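Below: one structure, written as C-alpha cells.
The values are calculated or read from the model by the stated rules, or taken from the named source; none is laboratory data. The model shown is predicted, which means the values in this text are computed figures rather than measured ones. Here the Cβ positions follow ideal geometry from the backbone for every residue, glycine too, while neighbour counts run over all protein chains shown. Side chains are part of the model used for accessible areas, which takes the heavy atoms of the whole protein and leaves out ligands, DNA and RNA. Shrake-Rupley method; radii C 1.70, N 1.55, O 1.52, S 1.80 Å.
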Amino acid sequence: MDVAILGCGAIGTEVARAIDRGEAGPVRLLWVFDKHRERAEELSRSLRSRPKVAGEIGEILADGEVELVMELASQEAVREYGEKVLASGKDLLILSTGALADPQLLHRLLEVKGERRIYIPSGAILALDALKACQLAGIEEVELTTRKPSSSLGEPAGLLFEGGVREAVEKFPKSINVAATLALVVGAEKVRVRILSDPSVERTVHELRVRSKVSDFFCKVESWPFERNPLSSKITAYSVVRLLRDLTETLKVGT
Ligand SMILES: NC(=O)c1ccc[n+]([C@@H]2O[C@H](COP(=O)([O-])OP(=O)(O)OC[C@H]3O[C@@H](n4cnc5c(N)ncnc54)[C@H](O)[C@@H]3O)[C@@H](O)[C@H]2O)c1
C-alpha cells in the first residue's frame, strides 16, 4: 500500500520511522508534507526510503500511486485538505478528530467520499472495540475524564472543563481528540467530558466509564508523552501503525 503523511511533527515522525522499519507491513511512504517544509525535509533525510517532500498538497493529490493520505497534523489540516484528498480518489486517515466535532465538516467529508474510506485510528483511547459493539445494543452514558500534567497544559491545577464534546473542542482544541473520537462512535450528545489540570500526574490519564444495555465498563489508560510534544501520547502513533498493518493483514483480531 502506498501512502503519504501530512504533518511531520511528533506523531508523523514516529509513524514514518515505524513504516521505514517495516513495522506497518507492506506499506511504502511515498510523500511527506509539512507547512514547515524543513521538518518534512529533515524527516525524509532520516529515512532509508527517502520519501519525496511535497511543497504543496497538490503534488500528493496528483500522484496516482498514493492510495492513502494520513492527516497527522492539526484540525486546520483536516478542514483544509480533507475534502480535496477524498475528491482526488484517495483514502483519508484522520487523527485530529476534534475537527469532526463540527457536524457540517463531517457531513461534507462523508458526502465527498464516494468509494473512498475514512479511517479513524483509536489514537490515545482504549476500548473502542467494546464501545462499538455496545453502541449497537444501546449506549446510555459515556463519561471521559482526562487528566493532564499541569506543566504540559500550562494551566493551574483543578477542573478546567466539564460539559459536552463540542464545547470541549472549542475550548481545548489540542487536548480533546479522544472525546471527539468517542463522539464519532456514540454521538456527541451521549458523551460527557471532564478535563483536569493535575500536578500530581506525570502523564496524560484518560478514564472512560461506559454504561450500556449490554455491558458496563471502566478503563483507564496512562500514556507516555512525546518529549517533542508533551500534549500527544506515544500510543497514538502506534495506533496509526497498527491500523496500517490491519489494512494489509489477513487475520483481523478485534472489532
Ligand atoms: N486522535 C487522538 O487520540 C490524538 C492523540 C494525540 C494527538 N492527536 C492530534 O494529532 C495531530 C498531530 O499531533 P502531533 O503531536 O504530531 O503534533 P505536532 O505539533 O508535534 O506536529 C504537527 C505537525 O503538523 C504540521 N501542520 C499542522 N498544520 C498543518 C497544515 N495545515 N498543513 C501542513 N502541516 C501542518 C505542523 O507544522 C507540525 O510539524 C494534532 O492535531 C493532535 O491534536 C490526536
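Kirkwood's formula applied to the C-alpha pairs of the chain gives a hydrodynamic radius of 18.7 angstrom. For the range 199-255, the list of GluC sites (Glu not before Pro) that fall in a loop by DSSP and count at most 12 other C-beta atoms within 10 angstrom reads GLU227, GLU249. Working from label points 7 Å from Cα in the Cα-to-Cβ sense, the ASP246 to ARG45 distance is 3.6 nm.
Equivalent-ellipsoid semi-axes (√(5λ), Cα gyration tensor) for the range 1-61, whole Å, largest first?
On the way: eigenvalues 58, 32, 17 Å².
Largest first, the range 1-61 gives 17, 13, 9 Å.
Looking at the range 128-229, what % of its DSSP beta bridges pair antiparallel, to the nearest 5? The partial results should precede the final answer.
Numbers: 21 of 29 bridges.
The answer is about 70 percent antiparallel.
In debye, nearest 20, what is the charge dipole magnitude of the range 128-229 about its Cα centre with +1 on Lys and Arg Cβ and -1 on Asp and Glu Cβ, if you could check?
Numbers: 15 positive and 15 negative charges, 29 e Å.
Dipole magnitude for the range 128-229 comes out near 140 debye.
Ranking ASP102, ASP91 from most to least accessible surface, computed with a 1.4 Å probe over the protein chains only, gives ASP102, ASP91.
Across all Cα pairs in the range 75-187, the calculated P(r) in 5 Å bins from zero up to the longest distance comes to 2, 11, 20, 20, 20, 14, 8, 4, 1, 0 percent per bin.
Note on SER233: accessible area is roughly 10 Å² with a 1.4 Å probe, heavy atoms of protein only.
For the range 40-101, the calculated P(r) over all alpha carbon pairs, in 10 Å bins from 0 to the bin holding the longest distance, is 21, 49, 28, 2 percent.
Summarised as an ellipsoid, the range 128-229 has semi-axes of 25, 14, 11 Å, derived from the eigenvalues of the Cα gyration tensor scaled by 5 and square-rooted, with the largest first. Among the lysines of the range 128-229, pairs that are 8 or more positions apart or on different chains and have alpha carbons within less than 22 Å of each other number 11. Taking label positions 7 Å along the Cα-Cβ direction at both GLU227 and GLN104, the computed distance is 4.3 nm, reported to one decimal.
Starting from the coordinates of the alpha-carbon atoms of the range 70-138, obtain the Kirkwood hydrodynamic radius over all distinct pairs and give the value in Å to one decimal.
Working: mean 1/r = 0.0779 Å⁻¹.
Its Kirkwood hydrodynamic radius stands at 12.8 Å.
Per-peptide packing, taken as the mean over residues of other Cβ atoms within 10 Å, places 54-64, 6-16 in the sequence 6-16, 54-64 from highest down. Protein-only accessible surface at a 1.4 angstrom probe places the residues HIS36, HIS206 in the order HIS36, HIS206, largest first. Estimated at the nearest 10 Å², the accessible area of LYS132 is 90 Å² with a 1.4 Å probe.
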